[in-house]
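What follows is a short report on a single structure.
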Amino acid sequence: MKTELAIYPRDGRIRCVLLENGRAAEVLDEPDCQTIGEKDILLGLVSRVEPRLHAAFVAIGDSQDAMLELGDAPASIKAGQTLVVQVKRLTDPGKGLKVSSHIVLPGPFAVFSPDKPPKRRSRLKLLDDTRADQLFEQDLRRLENAWQQVLDQSSIGPVPRRLLALSDPLITALTAWTGFGLDRIQVEGQPLYADVYELVSQLSPIDLSSLKLHVPDAGYGLAAVLGLSDLDEEIASRRVWLKSGAHLVFDATEALMVVDVNSGKSSRGKDARTMRRLTNLEAAEEIARQLRLRKTYGAILIDFLNMDQNEDREALLEHFRDATSRDRARIKLYGLTALGFLEMTRSLK
C-alpha cells in the first residue's frame, strides 16, 4: 500500500491528511487557540469529588467541567486541588470531556509516562539494534524534557489553562504517521515546509528524504492536486457511494452510529449470494476508512447485507478485521448477529 502525508494551509489553519493508495484515510485540523484538543495536557482545578459516581469533576477552562474517573485520579484527590490532567476522550459539544491524571507523551520511537517505565515503539524492530537504541534514547530525552517543562509551567500562572497542546496537527501527524512506511510527505508553501522540516528533523529524521515541497502553480494547491478539495463534503455526507453502485448510509443517534449497507444498483456477481458477499466486502473496506475519516467513536452498528452461509460471514469478519488493522484507534468487534448486524466499538487508545 502506498501511503503519503499531505500538509497544507486551509482557511488560515493547518490541515494534515494521511492518504492510502491516493485516498484520504485520516484528517487532522489545527484547532483554534480556544479549543481543547485530543490528548492535550491541562492544569485543572478539582471542583468536586463524587464517590457514588466513582468520579471527580475538574474545571479545565471548557464550558463544562471534565469528568475524571477515580481510577484515573490520585488517591488523595479533593475539591479545591490543582491537578495536571490529560484529555482522555473528546465528547459531543455540551458534554464535559473525559480526562486522566495518568499522563502519556507519545513520540515516534518512544512513549513516556511519568509513573511508568518508558515503552519502545514496535517500528524500531525494523532497524538494527544500534540505530534503534539511538532513536529511542533521543526521542525519550525529548519527551522527558517536554514533561519537565510541563511541571515547571504547572507551578506558576493562572488555573485552569493548557500546558501542552498535543492536539497540534503537525505534532500528532508526525508522531503517529512517520518513522517508516510513508512514501512521501508533501508540504505546501515554503514557510510551512520550513516548519515541517524542523519538526521532522527533531521527531523522525529518518523521514527527511521523503519530504517534498509543493509550490502552488496557477492556483492549484496541494488539496486540488491530490483531489482533496471536496474532503469536507465527503466527511459530512450522510450517503457514500461505492464503485459497484451500492451505497452506505451513516446515521448518528444519541447512543451510537448506525451504518446501513444498501445494495442499490450493485450488479457484482452472477447470483444473489455472490452479489451480497462481494458488496459486503467492498462496504467493509470503505466503512473502515470512513470511520477513521469521520473520527467516529463509541458504539457502532453496521447493517450488512444478509448472508446465509457461515463461510461468507466469517470471510466478511476477517476482511473487516484486516481493513481496521490500520486504524490508530482501539477497535473491538463483537461479531455478526443473526440479522447480519456487526456490533463494534471504536475508542481512543
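The values are calculated or read from the model by the stated rules, or taken from the named source; none is laboratory data. The structure displayed is predicted, hence computed values, not measured ones. Using ideal geometry, Cβ is built from the backbone for each residue, glycine included, and neighbour counts are taken over all protein chains shown. These area figures cover heavy atoms from the full protein model, side chains too; ligands, DNA and RNA do not enter into them. Shrake-Rupley method; radii C 1.70, N 1.55, O 1.52, S 1.80 Å.
Considering only residues in region 69-89 that are touching a Lys or Arg at 6+ places or on another chain (Cβ under 8 Å) and not polar (S, T, N, Q), the one that is least open to solvent (accessible area, probe 1.4 Å) turns out to be VAL87. The C-beta contact set for region 36-53 (first residue in contact (Cβ under 8 Å) with a residue 40 or more places away in the chain, second residue small (Gly, Ala, Ser) and part of a loop (DSSP other than H, G, I, E, B), distance under 7 angstrom, 6+ apart or interchain) comprises GLY37/ALA165; GLY37/SER167; GLU38/SER167; LYS39/SER167; ASP40/ALA165; ASP40/SER167. If you go through region 24-42 and keep only what is at pLDDT 85 or above and either polar (S, T, N, Q) or in contact with a helix residue (DSSP H, G or I) (Cβ under 7 Å, 6 or more places away or on another chain) (or both), you end up with ALA24, ALA25, GLU26, VAL27, LEU28, ASP29, ILE41.
A single entry from ASP322, ASP327 fulfils the requirement of being assigned to a helix (DSSP H, G or I) and within 26 Å of ARG123 (Cα to Cα): ASP322. ARG123 - would you say it is surrounded by fewer than 16 Cβ atoms within 10 Å (Cβ to Cβ) and either part of a helix (DSSP H, G or I) or within 20 Å of the chain's Cα centre (by Cα) (or both)? In short, no.
For SER100, the criteria (1) surrounded by fewer than 16 Cβ atoms within 10 Å (Cβ to Cβ); (2) closer than 27 Å to ARG326 by Cβ; (3) polar (S, T, N, Q) hold in every case but one, which is (1).
Taking each residue of region 192-204 that is without any contact (Cβ under 8 Å) to a residue 24 or more places away in the chain and looking for partners that are open to solvent by 30 Å² or more (accessible area, probe 1.4 Å) with beta-carbon atoms closer than 6 Å, six or more apart or interchain, yields TYR193/LEU213.
Just the residues that are among the aliphatic types (A, V, I, L, M), open to solvent by less than 50 Å² (accessible area, probe 1.4 Å), more than 24 Å from GLU137 (Cβ to Cβ) and not in a helix (DSSP H, G or I), please, taken from region 186-220. VAL187, the sole residue that qualifies. Could you list, in sequence order, the residues of region 325-347 that are surrounded by 15 or more Cβ atoms within 10 Å (Cβ to Cβ) and either among the aromatic types (Phe, Trp, Tyr) or closer than 19 Å to GLU38 by Cβ (or both)? Of everything in region 325-347, those that are surrounded by 15 or more Cβ atoms within 10 Å (Cβ to Cβ) and either among the aromatic types (Phe, Trp, Tyr) or closer than 19 Å to GLU38 by Cβ (or both) turn out to be ARG326, ASP327, ALA329, ILE331, PHE341, THR345, ARG346.
Here PRO158 clears all of (1) within 21 Å of the chain's Cα centre (by Cα); (2) in a loop (DSSP other than H, G, I, E, B) except the condition numbered (1).
For region 152-167, filtered to residues that are out of contact with any Leu (no Cβ under 9 Å at 6 or more places or on another chain) and not β-branched (Val, Ile, Thr), the residue that is farthest from ARG121 (Cα to Cα) is SER155. Any idea which of ARG89, ARG48, ARG52 is modelled with pLDDT under 95 and more than 23 Å from the chain's Cα centre (by Cα)? Residue meeting the stated conditions: ARG52.
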